[in-house]
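K.L.:
Before anything else, here's the structure in question.
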Amino acid sequence: MKIVISPYSRPMRNGAKNPKNFPHWKPLVKKLISLGHEVVQIGAKGEEKIIGDCLFGLPFDAVKKLITEADLWISVDNFLPHLANHTPTRGIVIFGKSDPNIYGYPQNVNILKDRKYLREKQFDIWEAEFFEADVFVGVDEVLEAIKLLTEEKV
């Protein structure tokens, strides 16, 4: 199965680590590859590479085509779920402090560890927040979401 990942949200203007960025990408991608999946990372130039096959700085039309041709995609709360909403391909969005009831799309699997971690002011600037790894689900929960999506396709 071909899986496109978009692991990062834009860099913070204050230089801090973005609180939307899922901290478990490397073990997740390692597990996906061990299960025989093809994983392609997309993002902005300068982002950390999680896998050798990275496509950075693609125009939106190319990203949309890539998503449409993929079996599924996995992302944090960034631009990708909004763009992917205009494709037939369903995906998985890993939320931490963003509310999936506001920012998620019902056709996707929106993963949230617990609503207690949601930030109080959902529409405030992200520089008002700080990164906390424990607000995110683990690798197993993402793998379960993949299983759920692939079973629904059958």
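Where a number appears in this text, it was derived from the coordinates with a stated rule and is not lab data. From a predicted model like this one, the values you see are computed outputs, not experimental measurements. We place every Cβ from the backbone using ideal geometry, glycine too, and count neighbours over all the protein chains shown.
K.L.:
Computed from these coordinates, which is log10 I(q)/I(0) by the Debye sum over Cα atoms at q = 0.09, 0.12, 0.19 Å⁻¹: (i) -0.32, -0.52, -1.27; (ii) -0.26, -0.47, -1.27; (iii) -0.40, -0.69, -1.28?
P.N.:
Label (ii) holds the value from this structure.
K.L.:
Holding the Cα-Cα limit at 23 Å, pick out from Lys30/Lys147; Lys2/Lys116; Lys17/Lys64; Lys26/Lys97; Lys30/Lys121 the pairs that are longer than that.
P.N.:
Table pairs above 23 Å Cα-Cα are Lys2/Lys116; Lys17/Lys64; Lys30/Lys121.
K.L.:
Still on this structure, please answer the following. For the range 2-153, what's the relative contact order in percent, using C-alpha pairs closer than 8 Å and at least 6 residues apart? Write down the numbers at each step before the final one.
P.N.:
Numbers: 253 pairs, mean separation 39.5, N = 152.
Relative contact order comes out at 26 percent.
K.L.:
Any idea what the dipole of the range 41-130 comes to, in debye rounded to 20, about its Cα centre with Lys/Arg Cβ at +1 and Asp/Glu Cβ at -1? Mind showing how you got there, number by number?
P.N.:
Details: 11 positive and 13 negative charges, 35 e Å.
My answer is approximately 160 debye.
K.L.:
Please arrange His86, His24, His37 by counting, for each residue, the other beta carbons lying within 10 Å of its beta carbon, fewest first.
P.N.:
Ranked by crowding around the Cβ, least crowded first: His86, His37, His24.
K.L.:
Also, quick follow-up: Which residue fluctuates most in the GNM of the chain (Cα springs below 10 Å): Arg119, Arg13, Arg90?
P.N.:
Evaluated over the chain, the most mobile residue of the options is Arg13.
K.L.:
Counting only complete DSSP H runs, which helices of the chain cover 15 Å or more along their long axis at the Cα atoms and score a mean Kyte-Doolittle of -0.5 or above?
P.N.:
Within the chain the helices that satisfy the rule are 139-153.
K.L.:
Given charges of +1 on the Cβ of Lys and Arg and -1 on the Cβ of Asp and Glu, with all other atoms neutral, how large is the dipole of the chain about its Cα centre, in debye to the nearest 20?
P.N.:
220
K.L.:
Shifting gears a bit: Once you've got the GNM for the chain with C-alpha springs shorter than 10 Å, pick whichever of Gly91, Gly43, Gly52 has the biggest mean-square fluctuation.
P.N.:
In the Gaussian network model the winner is Gly52.
K.L.:
Take Ile33, Ile111 and order them by how many other Cβ atoms sit within 10 Å, fewest up front.
P.N.:
The fewest-first ordering by Cβ neighbours comes to Ile33, Ile111.
K.L.:
In deg cm²/dmol, rounded to 500, what helix-only [θ] at 222 nm does the chain give when every DSSP H run of at least 4 residues adds -39500 (n - 2.57) and the total is split over its residues? Don't skip to the end; give the middle numbers.
P.N.:
Numbers: 5 runs with 45 residues, N = 154.
Dividing the helical sum by the residues of the chain leaves -8000 deg cm²/dmol.
K.L.:
Taking the dipole about the Cα centre of the range 12-52, with the C-beta of Lys and Arg at +1 and of Asp and Glu at -1, give me whichever of Pro19, Val29, Val40 is farthest to the positive side.
P.N.:
Most positive-ward Cα: Pro19.
K.L.:
Would you work out which of Ala133, Leu118, Gly52 lies farthest towards the positive end of the dipole of the chain, given +1 charges on the beta-carbon of Lys and Arg and -1 on that of Asp and Glu, about the Cα centre?
P.N.:
Gly52
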